[in-house]
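**Student:** Dumping the structure here so I can ask a few things about it.
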Amino acid sequence: MEDLLRSPHLRGLRRLRLNKNETGDAVADWLARAGPRPHLRRLDVAGNGIAPDGVRRLAGIGWLGLLEHLHLAENRFGDEGLRALAGSDAWANLRALGLTDCQLGASSGSILAGCRQLRDLCQLVDDSAVGGLGASDLTALIRSPVVASLCVLRQRRLSLGSARALLTSPAQACQRALQFAVPGELLTGELGRLVREAAHLTNLRHLTANGCRLAAAARR
């Protein structure tokens, strides 16, 4: 893998996918030693088990600041690694960020909300089955002027509090697409009421609400 990345014939790459190789932090070292990638705009290192130390090494790679799409799903760096990225230049031009199953915790929302480099972020994906962005995280994030350009937000694990945060915040007006899974407590009409009352959703063009199993009374 390192020989492949260091090849002088691959300097023109625009997209690089190195996902699900279970390489751990080694993938960060390989990328760091691979030399400049002036044309690379999309990097996918999902499913490699990268820990906080590996993310810190990634954050120190100068050309990461040229990326427009960065997918980090299924790594285990948590809030510690997220903070390292937020304090670097890695997100300078980022437009899409994937954080599914990265073991994010209570500080993740405030870390993202306070990162000025995410001002051009248009798409945030967090399909975490466990953990991930919670209600307070989402509230901090969508109310932050830092992510004013966010137009696509995808989250699998949506709690009632998260739904309220998403559908009642005026900051939501900028968004064009929402994708989320709906748990049982929203099946009694709460989701419908929230949407009906959210007049600021007039810009919404794409809504995916997976898992909306209707109750028997609703079906009748």
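The values are calculated or read from the model by the stated rules, or taken from the named source; none is laboratory data. From a predicted model like this one, the values you see are computed outputs, not experimental measurements. Note that each Cβ is placed from the backbone with ideal geometry, even for glycine, and that neighbours are counted across all protein chains shown. Areas reflect the complete protein model, heavy atoms only, side chains present, ligands, DNA and RNA absent. Shrake-Rupley method; radii C 1.70, N 1.55, O 1.52, S 1.80 Å.
**Student:** Against the definition (modelled with pLDDT of 90 or more, more than 18 Å from the chain's Cα centre (by Cα) and farther than 19 Å from Cys115 by Cβ), how does Arg14 come out, yes or no? Write out each step before concluding.
**Tutor:** Values: modelled with pLDDT of 90 or more: yes; more than 18 Å from the chain's Cα centre (by Cα): yes; farther than 19 Å from Cys115 by Cβ: yes.
Answer is yes for this residue.
**Student:** Might you let me know whether region 54-69 holds any residue that is out of contact with any strand residue (DSSP E or B) (no Cβ under 6 Å at 6 or more places or on another chain), under 21 Å from Gln179 (Cβ atoms) and at pLDDT 90 or above?
**Tutor:** Within region 54-69 (the criterion being out of contact with any strand residue (DSSP E or B) (no Cβ under 6 Å at 6 or more places or on another chain), under 21 Å from Gln179 (Cβ atoms) and at pLDDT 90 or above), the answer is yes, since at least one residue qualifies.
**Student:** So in region 77-128, with the set limited to residues that are at positive phi and over 11 Å from the mean Cα position of the chain (by Cα), which one is least open to solvent (accessible area, probe 1.4 Å)? Full working, then the answer.
**Tutor:** Start the filter on region 77-128 by keeping residues that are at positive phi, which leaves 78, 101, 103.
The next check asks that each one be over 11 Å from the mean Cα position of the chain (by Cα); those that pass are 78, 103.
Numbers: Gly78: 8, Gln103: 126 Å².
Per the stated criteria, the residue is Gly78.
**Student:** When you look at Ala106, is it within 16 Å of Gly161 (Cα to Cα) and modelled with pLDDT under 85, yes or no?
**Tutor:** When the stated conditions are applied, Ala106 passes them.
**Student:** May I ask you to list the residues in region 49-76 that are of a type in the set (Gly, Ala, Ser), more than 16 Å from the chain's Cα centre (by Cα) and outside any helix (DSSP H, G or I)?
**Tutor:** Once the filter is applied, which keeps residues that are of a type in the set (Gly, Ala, Ser), more than 16 Å from the chain's Cα centre (by Cα) and outside any helix (DSSP H, G or I), region 49-76 yields Gly49, Ala51, Gly60.
**Student:** Restricting to region 1-22, name every residue that is within 19 Å of Leu67 (Cβ to Cβ) and either among the small types (Gly, Ala, Ser) or open to solvent by less than 60 Å² (accessible area, probe 1.4 Å) (or both).
**Tutor:** Of everything in region 1-22, those that are within 19 Å of Leu67 (Cβ to Cβ) and either among the small types (Gly, Ala, Ser) or open to solvent by less than 60 Å² (accessible area, probe 1.4 Å) (or both) turn out to be Leu5, Leu10, Gly12, Leu13, Leu16, Leu18, Asn19.
**Student:** Ok, one more. Can you go through Ala28, Ala46 and tell me which one is among the small types (Gly, Ala, Ser), outside any loop (DSSP other than H, G, I, E, B) and without any contact (Cβ under 8 Å) to a residue 60 or more places away in the chain?
**Tutor:** On the way: Ala46 fails: outside any loop (DSSP other than H, G, I, E, B).
Testing whether each residue is among the small types (Gly, Ala, Ser), outside any loop (DSSP other than H, G, I, E, B) and without any contact (Cβ under 8 Å) to a residue 60 or more places away in the chain leaves just Ala28.
**Student:** Val152 fails exactly one of the following numbered conditions: (1) open to solvent by 20 Å² or more (accessible area, probe 1.4 Å); (2) at pLDDT below 75. What is the number of that condition?
**Tutor:** Going through (1) open to solvent by 20 Å² or more (accessible area, probe 1.4 Å); (2) at pLDDT below 75 one by one, Val152 breaks only (2).
**Student:** Scanning for something buried (at least 18 other Cβ atoms within 10 Å of the Cβ) and small (Gly, Ala, Ser), does region 60-69 turn up at least one residue?
**Tutor:** no
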